[in-house]
1. Using Cα pairs under 8 angstrom and six or more residues apart, how large is the relative contact order of the chain, in percent?
2. Can you give the FRET efficiency for SER495 and ARG515, using 1/(1 + (r/R0)^6), R0 = 25 Å, r = Cβ-Cβ distance, to the nearest 0.05?
3. If contacts are Cα pairs under 8 angstrom and at least 6 residues apart, what is the relative contact order of segment 374-540 in percent?
4. Pairing the Cα long axis of helix 137-160 with the longest principal axis of the chain, what angle in degrees results, from 0 to 90 and rounded to the nearest 10?
5. Would you kindly state how much longer the chain becomes between LYS416 and LYS444 on full extension, computed as 0.36 nm times their sequence separation minus their alpha carbon distance, in nm to one decimal?
6. Assuming 0.36 nm per residue, please report the length gained on full extension of the stretch ASP626 to LYS110 beyond their Cα-Cα distance.
7. At 7 Å along the Cα-to-beta-carbon direction for both GLN214 and ALA715, put a label point, then send me their distance in nm to one decimal.
8. Would you work out which of HIS118, ALA9, PHE73 lies farthest towards the positive end of the dipole of segment 8-186? Charges go on Cβ: Lys and Arg +1, Asp and Glu -1.
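Every number here is computed from the coordinates shown, using simple stated rules; none is lab data. This is a predicted model, so every value here is computed, not measured. Here Cβ is always computed from backbone atoms with ideal geometry, including for glycine, and neighbour counts include all displayed protein chains.
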Amino acid sequence: MNNEQLKIAVIHDHMEWPGGGERTALIMALDLGADFITAYANPKAYPEHQAELGDRLKVLSRTIETKRVFRYFWTRKVFRRNHHLLDGYDILIASGQAASEVVTNYGSSKARRLLYCHTPPRRVYDLFESSRQMYPFYLRFAYSFFTKRWDKLYRRALSRFDYIISNNHNITERLAKYTGFWANEEIPPPIITANYANLGQGDYFLSWGRVDEQKRIELIIEAFARMPEQKLIVASGGPRLEAVKQLARGHKNITIVGWVSDDELKKLVGNCQAAIYIPVDEDAGMTQLEANAAGKPVIGVDEGGLRDTIIEGVTGTKIKANPTADDIIIAVQQFTPEWCQSQSEKCLAHAKKYDREIFSQKIKSAVSNLSPERKVLAIDASRWEDPRQPGKGERSGVEVYSREIITALVQAVSGKPDLRLELITPRLIIELPRQVQKVLPGGKRWTITVLDKYLAYRRPNYFLTPSYYLPRHSPENSIAVVHDIKFKTDPERYSLTDRLWQGVTTRYNLHRAKRIIAVSQATKDDLVMHYGCQPNDVVVVPMGYTRWIIGNDKNTRTNTILYVGRIDKKKSISILIAAFAQIYKKYPNWRLVLAGKPGFGSEEILAMPSKLGVEAAVIFLGYISDAQKKQYLLDAAIFVQPSATEGAAIPLLEAWDAATPGIVADTPVMREIGSKGVVYFKPEDAYSLAQKIEELINNIKLGEEIVVTGQKKLASMSWPEICQQILKIFLEK
């Protein structure tokens, strides 16, 4: 279904004045062929656009509430009374803060919802304290309560959108800082470059930002009052207009003309020497780009959206944040007529990047991607990294699997016109495109609270959890990945808490999932045996591998035996240390290096080397980075994975990658994975493990042979192929 076939509505709070947000929303509706629904429309707010919309303009009230707090409730009341108008649309686009709540509260449950964020409510966030001080002291508590409620409603609305667009990077950062939500994309407001032209060069600077406290017009007047040789024209109005006129009185170089017609403004802009626009932390700002569209450089300020849209020394200059009149004077003196004229072509080229046509193409592309005909595959991406260590990039085996399968699925789904990927995550994954991420901020119990609530509201067609748990409101077509159920087959190696939690989650997964993916045949057999699963309901999809170490047997190796993984009782590390104690008696120049975070029973494990008299040769590294792990694997002569309870073997695959010969426990899972590419020892037998270590120490050729076999197996382990198997499971009838 193309955009012409989609039924689309743009919902905007109200159009009390002809602002940049209002014009952007109108253009969005016009270029998408959408209806435009608003609480109120001033006939003087872009009448040409209102006329062009015709019957598609739906205004809900003939009058507007002008008092600020009262208007908050009035706007929502007007939309609530007319919420039936939102029914029947395929795409609902919110433009404004009230609109964001309206769009997520009303309309068809099947409709896709998009937010074009001009700014989060600043009176709730960065301007809260200054706004609060505007009220009498006896009303400030009520104002604080009011804004807390507003914050809660706004965050809930953000959580329900399918896609969020911000109008520039400044708003993306502001949104993330104050709410934790991230815009999927940045699309700057459109500039109608055809409305502006370089008509020549006069001898005046021009300001046409609205005359209020936030635009610093009075500061501009103060600066030009001290420069009688420089001319200034102010072509705008606003609540501070009379104060500005009073301030300019007696200064013949300053002319205040107030609001002018579009034609007159075009002449003023086209003939000025340069523009000046220094608003307080402006959300985006369009004036600076409109000036550039007329070939004029602009004196701006290093705040807000202007930081992103003024090229320093090319399309203008950004005076320092919180400027003084002196800063303006210095900038004006640097903007000589010759320099301003020399930058004309560069200004024109820069403005064209923000042209209406480019804006419309980007908006249409975003809307097309949200077409209801594109089925949604949602993935729980919370285990991209260890959720207990957010932002540190730390991963155990489950997180490594999650990272690899998610990365590969992003690539696999990107080329499918009938499928859209949605990665649901508690924090932004900087390594992946924002366009496919749905960030839902949250902390502990995120999966069973935040994620579950989202799935109850926005029902994807398919859902995959690559880690542990399917939330209660997972859709019917959900798949869970089970890595192992060793908590069931070897319960003594797990804490009571782990046994209870994994037991509960496994039972829920088996009950809620349409299909279960097991990463090995051994895991499938365990599920069938211990949980009575039907064999056809469990599909074996082995792990893939992406080579990143690329070692060879020519590397210079140290006399090191390496273990990589959690220092945990279930990993049989005590068997490895006991075996090494036997080896150390005969080979005292060897050492044992163990890399990984402490886990269940780690205190007992950490004390073992001292008890066995090998503490000088046993090194516990703790958690190490990927770069460190790579180097240790390339340095080690032997890799050992002693656990008899593994459901997978990522460290073994990495050892093959580094051309490090490996020893593993002789279990069904490891036989399945390791094949003839490893040496096997009798599980839980330190003497057997010591024998195999000694065998590899003395038989270099054997180590080289199993490495070659292992690396051949790596060549057949493709994550893209694994992804295709998973997609096939979802899509099969």
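1. Normalised by residue count, the contact order of the chain is 8 percent.
2. Step by step, r from the Cβ atoms, then E = 0.25.
3. Once normalised by length, the contact order is 19 percent.
4. Taking Cα atoms only, the helix is inclined about 60 degrees.
5. 6.6 nm
6. Going from the current span to full extension adds 181.5 nm.
7. In this crude spin-label approximation the distance works out to 6.3 nm.
8. The listed residue farthest towards the positive side: PHE73.
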